[in-house]
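Scroll down for the structure; my scribbles are underneath it.
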Amino acid sequence: MQIEADTRSIPALPKHRGGAWRDVAGILLIAVAGAAGYFLFPDSLALLTRVTALAMLALSLDLVVGYCGVATLGQAALFGAGAYAAGIACVSGVTEPLSLLLIGAVAGAAAGLVMGGIMLRAHGLAQLVLSIAIVQLFHEAANKASSYTGGSDGLAGLTVGPLFGIFAFDLWGRTAYLLGVVILVAVFAALKFVVASPFGMMCRGIKEDPIRIRSMGAFVSPVLLKMFVISGAVAGTGGALAAISTQVVGLDSVSFELSANALVMLVLGGIGTLYGAIVGTIIFMAFEHVVSAINPFHWMTMVGALLIAVVIAAPRGLGGLVARLWTPSRHGERP
Amino acid sequence: MPASTLEVQGLSAGYGPTRVLEDLSFSVAAGERLSILGRNGMGKTTLLSSIMGLTRHQGGAILLDGDDVSRLRGSERARRGVGLVPQTRDIFRSLTVEENLLAGIKDRPGSVIAEAYEMFPRLKERRRNLGWQLSGGEQQMLSTARCILGEPSLLLLDEPLEGLAPVICDELMIAFTKLAAGGSMTVLLVEQRIEAALDFAEKVVILERGRIVWQGTSTALRADDQLIEHYIGVGTLH
């Protein structure tokens, strides 16, 4: 059976350009940029490793905010859960780095399950308040359980073994950085697959019209909870990477401030694209690094000014601005 | 999923405290087509919404294949095979055509989207267009195709021709007729274009102020101009 529509209203589109190939190109670009960072900034690899860890936090935030429309300011709870789990495992004798990353991912996923289970009982502002309450509770728990977490002094004494028994975590941070880039690229590729799957479309459908999704036969909360768990695993991996690379876990890894910074990174780069999370993290961290060196007391003012400028000039973030300039939006084609 | 039987027994439903439907009873056999007619505001859309579980159930029963689903939520009814193509079309405007279809395939493999493209080739050409960029006819095709990909056993079509050019209406009605002709789904059609509705369905129900005032075959209704004039407000059919 074939049905033809009246085509007078809209011109025919250009040929299909292959979204999958564009994703492959994007992933390769991230890998190449990561390799370039290794050679261009050999003295700043610790900072760049921090960027890869925080990029995973921003990616995890994009999953719930950008793809599901869930308002949260507590994403650092998931990052911190991964960091502390990996840190505690490490001081308890697990020193193999990939195992520590896995432990961080599992802890983050578990924290995501708890957080999602609580947050999805509310909507809108109440949901936002719940997220803040949860991250504050995680923060306080980490502070009080000082015999496990080191409390306000932080969890120190992490001695991570060499990667594959060969590559030691050296003083210059080369191993940690390369591990961070590989993990980031792998996570990004996996998330691209997730958000392009029917499950990912379901999440975006929920963001746009949850009632419609219900009448299509889907249960909204379980779908969102699943995304919270995935998001937690990603954030937890980032937290574990931060713990492995710095060999210390502080209370700042589970702070409201880190949650807010992650949201700023996401807004800067653009919500709901995954690319925006990485671009925003790089810009935020680079800006913080440069401006705080110039003026250590007022750098946050400059960050605030940057954010205002970006939000006014490009409401969809820098990623959205680039996409708008790059793609033939008059046809309404997906960037 | 084979076509479902539907039996509505003494159904009352509405919005909040307001009762829109009052003691409605009718049945549709598996694979049968039923048109629901009536003037504006008589409860036709509310009836479909109630079968879908989107309104407040206030009494009676809705039996799907003999099981009472009136206490089930909309999502659970959809999983039991009820599919609604709403009057507002309700496509996801920020998603592309292909993404809209992917969102509707449930647990089926992504390759089933080819079925939708086979049914509506125009959607294939538009597959990377965002939903809001589609014409009304294309949106209707997308909404219908997405619903069909969910393999409903009971398809509810709420004024699918509203606001569309006559040529598109004819083409859509051909599509609906072919979809229903296989007997793989039972179809309820709410439609203001009475000729299209009578051509489509074997049976007809007429609603007035939330009550069924007439039900019978489309052939019988077609032969009774006075009845049509009285309840639907149009003159002799041609």
Tell me which residues, restricted to the stretch A:163-181, are over 14 Å from A:Tyr38 (Cα atoms) and among the aliphatic types (A, V, I, L, M). A:Leu163, A:Ile166, A:Ala168, A:Leu171
Somewhere in the stretch B:36-49, is a residue over 15 Å from the mean Cα position of the chain (by Cα), on the phi < 0 side of the Ramachandran plot and part of a strand (DSSP E or B)? no
From the list B:Thr177, B:Thr219, B:Thr186, pick out the single residue that is closer than 19 Å to B:Gln9 by Cα, in contact with an Asp or Glu (Cβ under 9 Å, 6 or more places away or on another chain) and among the polar types (S, T, N, Q). B:Thr186
Selection from the stretch A:38-65 of residues within 20 Å of A:Pro222 (Cβ to Cβ) and not hydroxyl-bearing (Ser, Thr, Tyr) yields A:Leu63, A:Val64, A:Val65
Residue, nearest to B:Glu115 (Cα to Cα), within the stretch B:181-204, restricted to residues that are surrounded by fewer than 22 Cβ atoms within 10 Å (Cβ to Cβ) and aliphatic (A, V, I, L, M): B:Ala181
Sole miss for A:Met300 among (1) outside any helix (DSSP H, G or I); (2) surrounded by fewer than 19 Cβ atoms within 10 Å (Cβ to Cβ); (3) of a type outside the set (Val, Ile, Thr) is condition (1)
For the structure I just gave you, tell me whether A:Ala76 is among the aliphatic types (A, V, I, L, M) and under 20 Å from A:Leu251 (Cβ atoms). yes
Subset of the stretch B:89-146 (residues that are aromatic (Phe, Trp, Tyr) and closer than 21 Å to A:Gly66 by Cβ): B:Phe92, B:Trp132
Could you tell me which residue of the stretch B:14-66 is surrounded by the fewest Cβ atoms within 10 Å (Cβ to Cβ), considering only residues that are among the hydroxyl-bearing types (Ser, Thr, Tyr) and modelled with pLDDT under 90? B:Thr18
Name the single residue, out of those in the stretch B:164-191 being within 19 Å of B:Gln139 (Cα to Cα) and away from every other protein chain (no Cβ under 14 Å), that is modelled with the lowest pLDDT. B:Glu191
Say we look at the stretch A:4-46 and pick out the residues that are closer than 25 Å to A:Thr273 by Cβ and of a type in the set (D, E, K, R); which of these is modelled with the lowest pLDDT? A:Lys15
Filtering the stretch B:70-100 down to residues that are free of Cβ contacts under 8 Å to residues at least 40 places away in the same chain, more than 8 Å from chain A (Cβ to nearest Cβ) and over 21 Å from A:Pro222 (Cβ atoms) yields B:Thr88, B:Glu98
Which condition from (1) buried (at least 22 other Cβ atoms within 10 Å of the Cβ); (2) of a type in the set (Gly, Ala, Ser); (3) within 7 Å of chain A (Cβ to nearest Cβ); (4) without any contact (Cβ under 8 Å) to a residue 40 or more places away in the chain is the one that B:Ala116 breaks? (3)
B:Ala103 - would you say it is touching a Lys or Arg at 6+ places or on another chain (Cβ under 9 Å), in contact (Cβ under 8 Å) with a residue 60 or more places away in the chain and at the interface with chain A (Cβ under 8 Å from one of its Cβ atoms)? no
Examine the stretch A:62-75 for a residue that is farther than 25 Å from A:Ile166 by Cβ and over 16 Å from the mean Cα position of the chain (by Cα), and state whether such a residue exists. no
Picking from B:Ser135, B:Ser111, the residue that is among the hydroxyl-bearing types (Ser, Thr, Tyr), free of Cβ contacts under 8 Å to residues at least 60 places away in the same chain and either facing chain A (nearest Cβ under 9 Å) or buried (at least 24 other Cβ atoms within 10 Å of the Cβ) (or both) would be B:Ser135
Quick check: is even one residue across the stretch A:262-275 farther than 28 Å from A:Gln136 by Cα and touching a helix residue (DSSP H, G or I) at 6+ places or on another chain (Cβ under 8 Å)? yes
Which one is nearest to the chain's Cα centre (by Cα) among residues in the stretch B:138-153 that are at the interface with chain A (Cβ under 7 Å from one of its Cβ atoms) and farther than 26 Å from B:Leu64 by Cα? B:Met141
Please go through the stretch B:12-35 and pick out each residue that is closer than 30 Å to B:Lys106 by Cα and part of a strand (DSSP E or B). B:Ala13, B:Gly14, B:Tyr15, B:Ser27, B:Val28, B:Arg33, B:Leu34, B:Ser35
Among helices (runs of 4 or more DSSP H) lying entirely in the stretch A:171-259, which contain 2 or more residues that are within 14 Å of chain B (Cβ to nearest Cβ) and of a type in the set (Val, Ile, Thr)? A:174-196, A:210-215, A:220-246
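The values are calculated or read from the model by the stated rules, or taken from the named source; none is laboratory data. Everything numeric in this text was worked out from a predicted model, so none of it was measured. So basically every Cβ, Gly included, is an ideal-geometry build from the backbone, and we count neighbours across all protein chains shown.
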